[in-house]
Each structure stands twice: as structure tokens, then as C-alpha cells.
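The values are calculated or read from the model by the stated rules, or taken from the named source; none is laboratory data. These figures come from a predicted structure and were not determined experimentally. Here the Cβ positions follow ideal geometry from the backbone for every residue, glycine too, while neighbour counts run over all protein chains shown.
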Amino acid sequence: MICLRNAIELALIGANESTVVGVVMNGDLTKQHLGDESKPMSLDMTQALTLLNEHQLLIQTTQPASTQTFQHVTYDSRQVTADTLFFCKGNFKPAYLASAKAAGATAYVAETAYDEAGAGLTGIIVTNIQKAMALLGAAFYGYPQNDLFIVAFTGTKGKTTSSYFTYHIEKQHTDNHVALFSTIDRIVGNKPADKFKSDLTTPESLDLFHDMRSAVDNGMTHLVMEVSSQAYKKNRVYGLTFDVGIFLNITPDHIGENEHPTFADYLHCKEQLLVNSRTCIINAETAQLLDVYQTAKATTEPEQIYLYAREGAKLALPLDLDVTFKNVNEDLHQSDFAVTALSDKAKALALDETYELHVPGDYNESNAVSAIMAGALSGAKSTEIKQALVDVHVPGRMEMVTSPDHGTIYIDYAHNYASLKALLQFLHQQTHAGKVIVVIGSTGNKGVSRREGFGKALSEEADVAILTTDDPGYEDPKVIADAIDAHIDHERVTVQFVMDRQTAIETAINMSTPDDIVVLAGKGEDAYQKVNGVNTPYPTDVTIAKNAVKEL
């Protein structure tokens, strides 16, 4: 083993004198790129070791570090090519490193040395593989975040919808020079090949910086992205500072063995977005306002913190609001709401308008206000914002399928108590004559607390619940459905079990009358079911609903 100091000294011997080494200031990466920008992305050993040492992550190297240059970085052994720096992360097996070595990897980064599988390779041993991967990924791809105005959202519900609202605002404002990283899609340019489905709400750090680089190379100047609590838990966004960070809300979710151990941990991870944002927007209606606001104030000047809430809302903390909004008109197809700036800094954004939103739901007005404020802070004009909200479409969120002889069908990703409650409450308020029929399941192997939440929301707002399958993982979907059913008030709600999701959807539509509303909750536009570790192809709720209506 080579000690930390010697590893760096050996790597420096023979290093190119013109090499630029990244420096970290105030916890953020500088805008300085590594090496010659006209060359393909690369990273040399000297730069890697120096950067890791600056962040106190480097422990040692397994052999004298050479002056090699890496032409590729990856954590997937199937993607290794010649001169690859390979990252050993997660549920790692030595066989992956052996495979990477055979494919051309010349060094690896890990929290432990793999003497046998990594024989002949330089092992860079670090204290935290996820942080190391984020730092080296940013350096390898030339710090693309410095060429983007980045708006980031966090919250238990509303991240995707708010991100799409903001994305459409920025499209108007930048003439289509905006990228999007969301739960649904990652969009890095304006060509069909630049849009692809997301695997994670927030990508792994190497994928994140790769996609940022692609966006910059495609001429994008802005980026709108979702930042999950897991992104901070797993250090996927380590080293990133956002231009605008928006905290939408928080309720208990993602708490369990494979996620967050406690609500306090969940809240802490959510709040890190505010700690790492230059300007903060906070929905003041959150029950955790005191904690959230104090966290923002710890690192951000008050003049750079904006608070908003619905007019007349009761706040957990008596704070002066910057922006309020109120509903003017709403139905099952759209809503009109008025926004009023109260503080001088908010008035300077010229937000005061009545906006028309073609994504129904009173809760979506709040999402839209966050997007309006974020757009204005990026320089968007009210005319651009108004046009964007009229035109916006959010895949798998409040999508409607109509049937003349049966109920109106709504497809929505609502996947926890708060989002399902808000959705059903709004629909119930709009449905005076008919029933609310809900098709729903719950995911396996995570978010176990959601099952009780679903049962509670159904008891409060539904008339009929058809319990079915939704990404059961390695669990029995009937056992999951039973767990939901255990928390349903059967005196108020009629319950059926139909474990085949397509059949469940068809059953709900067939039983509905013209006055009824059918809600297909939880999957949105997901085109697969996660079963026993396999993404099994699934037609999507939208497709099934449309086909069912055609066959009536």
C-alpha cells in the first residue's frame, strides 16, 4: 500500500505542467475546467488524487500511482473500455472488477482494496465512494454545471409536476435551450435522441454529470431537475450548488429499511437542497416550516429566501410572505388563479397576474406558483410564463380519458398519502352526483408506510377501491393489497381485489356510470411492472384505459 502523501507525490512526477487542477471554494466546485476543453473528456491520475485529497477522501493507493490519463469513467463493468477509471459502489462483487479489468480498466476507486480481482490495477482507496464518484465525475466532464442556470425541486409530492411547469416556462424564456432531469424523462437537447426515460428521480452522479455535459454540448443554457432525498442520502449531488432551490412540502414517506431510518433523517436530506442553493423558494404551508426556514437561513441571506402560500393559509410560523395566490375559478379541466407579490423583492419580479393552468387540481396551483417564481428569478417575463402554463402537459399527471357512457378517467402518479389525499379530495369536491372509484396498489420492498397512508386516504375520499398490483418487487402483491385493506374503513368504502392491473382497470371503467370518476393511481405513464427484480413490460395505465373505452 502507498500512503496518501507518497501517492500524490508519485503521481505528480512527470505530470504535464500545463495541467489544471480543480480547486474547491466554499464547498462548491469552481468554474475552472480541467485540461484542454477542445479535447475529449479526460482525467489524469494527478488531478484525481489531488481532488480527492482536497476533500479529505483519499486514504491510499494500492501501488505507485502512474501518470496515466483516463478516457472513460463508469460504475458499470459492462460499459468499460480501454483506459477506464472504474468505480466499485453499492452491492459490489469482486467479479465486477475482474470483468472491468478484462475490458480495459486501468484503475479503480473503492472503499476497500481488491487485491485479487484488482491485481495489476491501481486501486484508489477512499473513505466515501459516492462522494468520490461525484467529485471525479464532475471533473471528468469538465464541470458542466458551471455553464447551466440550474433550478432544482425537492418535496414529498409535486416535484415532477413543478419541474415540468418550470421546464415549459424556461422553454419559452430560452427559446428551447433548457434541459430537464425528472422522474419521468431526462431531456438533454431538442432532438428525439436527446430524450429518454429516467431510471431514478435523480441520476447517479456519473450519469448526472454526463447528461449535464451532453446538455451543454447541445447548446442548453438552463436545467430544471428534481432532487430526491435519496440523492443527498447517497451523495449523488455532492459538490453541486443550485441557482434556485425550491422546497415544496414534506410529509412522512420513504421511511423504511431500504430508505430513511426516521422522519428526521428524511427531513434532513430534503433540507440539504436549501443549504446548497444560492436562492431559496419555500412553500410556507409546510408543517415543518420552522425547521425548514432556519435551515435555509443558516446558509442563505434573507434577501435570497422567498416564501409563498395560498392566501389565508394558516402557517406554522408567523413569517412575512413574499408571494400569495388565490383561486379564481376551477373545474375538472383547468384552474385560474391570481398571484400577488407582497415584498419589495417579489414585486421586482413582476409576478402579479391571473394565470390559467390546464392541469386541473387546486394543489397544482401551488406547484405552478413555485414554477412561476423560479422562472421569474431566471429572468422569464410574465407573458412567457402565462403562455407556458396554458400549453403545459405533464405525462402521467392528471391525464384524462373520457367516455360518453361511463365515468371520466384520471391517470395520476399519486403514490403516497399526501398526493393521493389531495387528488381524491379535489375530485370529490368536483363530483357531486357520482362515485369516486380508485384503482391502486403499492410498491414492494420499500415505502411500507405508504400502505397505511393509502388505506387512510381511500377511507377519507373514495367510494370504491379496487386493490391491485404496483411494482411488487420481491413481495406478494396480494399481501401488499391486504396491508392497504387493513387500514380502509369498510363501512364507507367498497373494496375489491383484482391483482391483474389491466383487469382491475377494465373492471373499474366497466362498473362506472357517466357521473362517476375513475382514478388510476400510482403508475402514471410507467411502461413496466417491477417484479422479482425484472422490469416487466406493461402497456401503461393510459393505454389500457383508452383501449378499454374503445371496447365499451
Enumerated strands (runs of 3 or more DSSP E) restricted to segment 209-314, each holding at least 2 residues that are acidic (Asp, Glu) and either more than 30 Å from Thr443 (Cα to Cα) or not assigned by TED's automatic domain parsing to the domain that holds Thr340 (or both): none
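Could you tell me whether Leu351 is over 23 Å from the mean Cα position of the chain (by Cα), without any contact (Cβ under 8 Å) to a residue 60 or more places away in the chain and buried (at least 19 other Cβ atoms within 10 Å of the Cβ)? Please lay out each step first, then the result.
Values: over 23 Å from the mean Cα position of the chain (by Cα): yes; without any contact (Cβ under 8 Å) to a residue 60 or more places away in the chain: yes; buried (at least 19 other Cβ atoms within 10 Å of the Cβ): yes.
Yes, satisfied.
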Residue selected from segment 315-359 under the condition of a type in the set (Gly, Ala, Ser) and assigned to a strand (DSSP E or B), by the criterion nearest to Ala388 (Cα to Cα): Ser335
Any hit, segment 523-545, residues being surrounded by 23 or more Cβ atoms within 10 Å (Cβ to Cβ) and in contact with an Asp or Glu (Cβ under 6 Å, 6 or more places away or on another chain): yes
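From Arg492, Arg501, grab the single residue that is surrounded by 14 or more Cβ atoms within 10 Å (Cβ to Cβ), out of contact with any Phe, Trp or Tyr (no Cβ under 6 Å at 6 or more places or on another chain) and modelled with pLDDT of 95 or more.
Working: Arg492 fails: surrounded by 14 or more Cβ atoms within 10 Å (Cβ to Cβ).
Of the residues listed, the single one that is surrounded by 14 or more Cβ atoms within 10 Å (Cβ to Cβ), out of contact with any Phe, Trp or Tyr (no Cβ under 6 Å at 6 or more places or on another chain) and modelled with pLDDT of 95 or more is Arg501.
Across segment 175-188, which residue is surrounded by the fewest Cβ atoms within 10 Å (Cβ to Cβ) among those that are assigned to a loop (DSSP other than H, G, I, E, B) and in contact (Cβ under 8 Å) with a residue 24 or more places away in the chain?
Initial filter on segment 175-188 (assigned to a loop (DSSP other than H, G, I, E, B)): 175-177, 182-184, 188.
Within this subset, residues satisfying the condition of being in contact (Cβ under 8 Å) with a residue 24 or more places away in the chain are 177, 182-184, 188.
Values: His177: 16, Ser182: 23, Thr183: 22, Ile184: 21, Val188: 23.
Across segment 175-188, the extreme among qualifying residues is His177.
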Of all residues making up segment 178-201, the number that are within 19 Å of Tyr413 (Cα to Cα) and modelled with pLDDT of 95 or more: 4
Residue selected from segment 407-426 under the condition crowded, with 23+ Cβ neighbours inside 10 Å and over 26 Å from the mean Cα position of the chain (by Cα), by the criterion modelled with the highest pLDDT: Ile409
Which numbered condition Leu200 misses (of (1) surrounded by 21 or more Cβ atoms within 10 Å (Cβ to Cβ); (2) among the hydrophobic types (A, V, I, L, M, F, W, C); (3) farther than 19 Å from Ala368 by Cβ): (1)
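Yes or no, residue by residue, for (1) surrounded by fewer than 24 Cβ atoms within 10 Å (Cβ to Cβ); (2) basic (Lys, Arg); (3) within 12 Å of the chain's Cα centre (by Cα):
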| site | (1), (2), (3) |
| --- | --- |
| Gln130 | yes, no, no |
| Asn146 | yes, no, no |
| Lys157 | no, yes, yes |
| Asn190 | yes, no, no |
| Leu223 | no, no, no |
Odd one out for Val126, checked against (1) in contact with a Phe, Trp or Tyr (Cβ under 8 Å, 6 or more places away or on another chain); (2) under 20 Å from Asp207 (Cβ atoms); (3) crowded, with 20+ Cβ neighbours inside 10 Å: (1)
